[in-house]
Amino acid sequence: KQEVTQIPAALSVPEGENLVLNCSFTDSAIYNLQWFRQDPGKGLTSLLLIQSSQREQTSGRLNASLDKSSGRSTLYIAASQPGDSATYLCAVEGQAGTALIFGKGTTLSVSS
Amino acid sequence: DVKVTQSSRYLVKRTGEKVFLECVQDMDHENMFWYRQDPGLGLRLIYFSYDVKMKEKGDIPEGYSVSREKKERFSLILESASTNQTSMYLCASSLNLLQGPQETQYFGPGTRLLVL
């Protein structure tokens, strides 16, 4: 059964730092891997989707990489800002259109 | 712009009550999902549906049922609410794509349910 793990569980950084969030998964047979952002008490917002055939995706200051063979993904956030403070969730989709399997998230706090 | 709406942001119910959580999406998505989110446990799948009148159990279906009478609406039903069903409930939808660019799941804002 697929399991998704995120490390660290929480992270505090000063504004302007570059940072990396880690995600690992146990079964490399995935359809895609997705990163979401969740603000307190709110729903999830999709950040990046990496298809199983891709190695990385970029959106603005965010870059996500995927190494399917080793079961790892990283989310790189450049020049962090206080507005980046949120919980970041990694999820894998095993087959097209199936439910996502989520990690427990990394809660990021960026101080000004 | 895809929109997934949930009928209530906050609900307070009594133990034993029947509770309905409604989810509506406006993008003609085939797939719809109900998750619950709890501190320390993350998001867990309760039920999902690939089409009208079709449903599949997720990881934690006990104590829940669902209804999908129309494509845009997916309802989660707590037959007899219990305190251990106090949680954040999130609905999501997605396209059932067989080819072309992959698409993410779109989430509603969540319903925070408190069962007393």
Select from region B:36-56 the residues that are among the small types (Gly, Ala, Ser) and surrounded by 14 or more Cβ atoms within 10 Å (Cβ to Cβ) and write down the one among them that is nearest to the chain's Cα centre (by Cα). B:Ser49
If only one of A:Ser65, A:Ser69, A:Ser73 is without any contact (Cβ under 8 Å) to a residue 40 or more places away in the chain, away from chain B (no Cβ under 14 Å), polar (S, T, N, Q) and in contact with a Ser or Thr (Cβ under 8 Å, 6 or more places away or on another chain), which one is it? A:Ser65
When you check B:Glu22 against the structure, is it within 10 Å of the chain's Cα centre (by Cα), among the charged types (D, E, K, R) and under 28 Å from A:Arg37 (Cβ atoms), yes or no? yes
Per the filter on region A:20-32, residues modelled with pLDDT under 95 and outside any loop (DSSP other than H, G, I, E, B) are A:Asn32
Touching a Lys or Arg at 6+ places or on another chain (Cβ under 9 Å) and more than 10 Å from chain B (Cβ to nearest Cβ): does that describe A:Leu33? yes
Exactly one of (1) outside any loop (DSSP other than H, G, I, E, B); (2) at pLDDT 95 or above is unmet by A:Glu17. Its number? (1)
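The values are calculated or read from the model by the stated rules, or taken from the named source; none is laboratory data. The structure presented is a predicted model; accordingly, all values stated were derived computationally and were not measured. Cβ coordinates were reconstructed from backbone atoms using ideal geometry, including for glycine residues, and neighbour counts include every protein chain displayed.
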